[in-house]
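Shown next, in structure tokens, is the structure this report addresses.
The values are calculated or read from the model by the stated rules, or taken from the named source; none is laboratory data. These figures come from a predicted structure and were not determined experimentally. Heads up, the Cβs are rebuilt from the backbone with ideal geometry, glycines too, and the neighbour counts pull from every protein chain shown.
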Amino acid sequence: MLTKILVANRGEIACRVMRTAKKLGLKTVAVYSDADANAMHVKAADEAYHIGPAPSKESYLVAERILEVAKNAGADCVHPGYGFLSENETFAKACEDAGIAFIGPLASSIEAMGSKTRAKEIMGEANVPLVPGYYGAKQEPDFLLNEAKKIGYPVLIKAAYGGGGKGMRVVHSEAGFLAALEGAKREAAASFGNDLVLIERFVDKPRHVEVQVFADAHGNCVYLGDRDCSLQRRHQKVIEEAPAPGLSDALRKAMGEAAVRCAQAINYRGAGTVEFLLCGDEFFFMEMNTRLQVEHPVTEMVTGQDLVEWQLRVASGETLPLSQAEISLTGHSFEARIYAEDPEQNFMPFSGTLSHLSFPAQDNGVRVDTGVQQGDEISPFYDPMIAKLIVYGQDRKSALLKLRTALESVHLAGLKSNIAFLHHLASHPTFIAGAPDTHFIDTQTEQLTRSTLPQEQLALLGACAYLAHLKPCDKSVWGNVGFRLNQTAKVDIPFAEHQISAYQSAHGWKLSANNQIHQVAVQLNGHTLIANIDGQRLTASVVFSEDEICVMFGPYQYQLALHSKHYISEHENDAAPLAAPLNGTVVKHLQEVGTVLQKGDAVVVIEAMKMEYTLNAPFAGTLTSYCFAEGELVSHGDMLAIVEESE
């Protein structure tokens, strides 16, 4: 067995590989860029080595530097994860030449599948079904135009060395072919350094179904079921599931056996994925990914196997743990990719600090693969993935219900996310009925990204959080708001976009919003808010900052902006003008306790963000107490002093 592994990657896949490596007793080595010095995968490893600046081309893509670290650290194997160097035959060959096991296929296998045109030729020889098309080396525009005529429109122009939708054009008529060809070649050259393209029949409304294959160095090769990855946005997968729904046993077997032929044709070793376009009962080879896939956990859930452990055992020279007859699928699994992005703004990616992050409990068929934790930064230099949420159920219906419920328990603050979008997808009748075609999200984007925020309910929860966050100076119910008269105390919640007032009496709080009165009771434990609103008990997560309250309720995230830092001290009619307008430090008490004050007299000074703020008496009365000593830290909303109004 191998003894020490270097993971040439970052984020959740690096953490996931290390988890299995440690289970098997291997020592783990991490590499990191400037941006990842404090990343989770660095902390999880036994050893960690700096490899360069934040841009991946200067760190994670520098094969020579990573191989040098592997040699110096005494690692006897390298796991590339996915992305970066995972399908780089030069890196795989360099590892082989250095006597370091590459946890993946031979360099020759990677090279064979690296070109889509070469891959199609090999698959044709292996009797794997292909979409009708031209996959040759001749690239003269007139020649390709003639090939498109033979195939019949619409046709798909695709970069031979590409992926992710780059260098891809759909052409519906001869009139637009040459312009589309020029654009595809230009994009392919810019993205992949090679403008070679292939032409094939455009398959309308296909499904994307892939098969997990595994091979060892002893001639054994098996398939471990299939996955449906049809829910895609711009050719990027969003939600995957295993097994693919709606396939007959005969079709499932035919696809699996075709995938095995594909692997055997290139002398494959390790984990690989063969991707097919599925059109009714017809399937066509699309490409082979010569690495572990992002969505491999759904296969692990339905097979009960650890695919990274299989990779390590195969790389150690062992035979496959199971034969084809011993592999069985049980239940159903989904994976949702949680990203820092804003679906309402064309899925614009976000970078920033995760001021709050919590996941559902990882038991009862719920799994979370992540490489970040609360307080970490989502870097602008890398993919903005936060986590993969994986669920398992006895059947598709129960697994999908579990996915929706689990998404409602993923709470994060500090940046935008696609959680509500994923929840909309998982709740859509078309998806509930079965896997849609690959164009589903693109045709339903407006509906799926349309805001359905229950703003009024979230604003009430935010108001409850604000009230619960106020700290009383003493045990009196009036201490929160600075009153001791036999009258109803009032607090205007300082939301910038919602007018909500709170009234406190001996019987609790009432909220006035949109001319309606709501009876509420609140409890705040850390970030967890429990609010009873008109008899309905609701639980949410809340995060307070200087300028907003973030409420996370179900799949929704809502930022409730607060008035400026001067709001409290400038508005004399507020019920709580002696509350801290923002986080800071008490600098000076300006009056003695017991002093009779006039309205507007300066009472206390706090310092925040290198500026001083003086808070004044809201009315004539007597200063009965200070809530914090000079030099003490205070949070936004904390009461600083109590003034008892003159009778």
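When you check Ala189 against the structure, is it within 22 Å of Lys138 (Cα to Cα), surrounded by fewer than 20 Cβ atoms within 10 Å (Cβ to Cβ) and among the aliphatic types (A, V, I, L, M), yes or no?
In short, yes.
Within the range 425-466, how many residues are free of Cβ contacts under 8 Å to residues at least 60 places away in the same chain and buried (at least 21 other Cβ atoms within 10 Å of the Cβ)?
Matching residues across the range 425-466 total 1.
Tell me which residues, restricted to the range 316-367, are among the β-branched types (Val, Ile, Thr), surrounded by fewer than 18 Cβ atoms within 10 Å (Cβ to Cβ) and assigned to a strand (DSSP E or B).
Of everything in the range 316-367, just one residue is among the β-branched types (Val, Ile, Thr), surrounded by fewer than 18 Cβ atoms within 10 Å (Cβ to Cβ) and assigned to a strand (DSSP E or B), namely Thr353.
Sort out which residues of the range 391-450 are more than 19 Å from Ala242 (Cβ to Cβ), at pLDDT 95 or above, outside any helix (DSSP H, G or I) and in contact with an Asp or Glu (Cβ under 9 Å, 6 or more places away or on another chain), and write them in order of number.
Ser417, Asn418, listed by residue number.
I'd like the full set of residues that are among the aromatic types (Phe, Trp, Tyr) and over 14 Å from Val17 (Cβ atoms), limited to the range 79-93. It would help to see each step written out before you state the result.
Pass one, the range 79-93, residues among the aromatic types (Phe, Trp, Tyr): 82, 84, 91.
Hit for the range 79-93 is Phe91, nothing else.
Any idea which residue in the range 544-567 is surrounded by the most Cβ atoms within 10 Å (Cβ to Cβ), counting only those that are among the aliphatic types (A, V, I, L, M) and modelled with pLDDT under 95?
Ile549
Let me spell it out: the conditions are (1) buried (at least 24 other Cβ atoms within 10 Å of the Cβ); (2) under 27 Å from Glu111 (Cα atoms), and Arg65 meets all of them except one. Which number is the exception?
The failed condition is (1).
Looking only at the range 486-508, filter to residues that are surrounded by 13 or more Cβ atoms within 10 Å (Cβ to Cβ), of a type in the set (A, V, I, L, M) and at pLDDT 80 or above; which one of those is farthest from Glu644 (Cα to Cα)?
Taking the candidates together, the pick is Ile500.
From the list Ser355, Ser427, which one is farther than 28 Å from Thr303 by Cβ, polar (S, T, N, Q) and out of contact with any His (no Cβ under 9 Å at 6 or more places or on another chain)?
On inspection, the qualifying residue turns out to be Ser355.
Is it the case, given these coordinates, that Lys388 is basic (Lys, Arg), in a loop (DSSP other than H, G, I, E, B), surrounded by 19 or more Cβ atoms within 10 Å (Cβ to Cβ) and touching a residue at least 24 places away in the same chain (Cβ under 8 Å)?
No; evaluated as a whole, the condition is false for this residue.
Of everything in the range 263-283 that's surrounded by fewer than 24 Cβ atoms within 10 Å (Cβ to Cβ) and small (Gly, Ala, Ser), which residue is modelled with the lowest pLDDT?
Filtering first and then ranking leaves Gly280.
For Ala35, only one of the following conditions fails: (1) surrounded by 23 or more Cβ atoms within 10 Å (Cβ to Cβ); (2) touching a Phe, Trp or Tyr at 6+ places or on another chain (Cβ under 7 Å). What is its number?
Failing condition for Ala35: (1).
Give the residue that is modelled with the highest pLDDT, with candidates limited to residues of the range 109-129 that are of a type in the set (Ser, Thr, Tyr) and assigned to a helix (DSSP H, G or I).
Ser109
Please find, among Met301, Met286, the residue that is part of a helix (DSSP H, G or I) and either of a type in the set (A, V, I, L, M, F, W, C) or under 30 Å from the mean Cα position of the chain (by Cα) (or both).
Matching residue, one of Met301, Met286: Met301.
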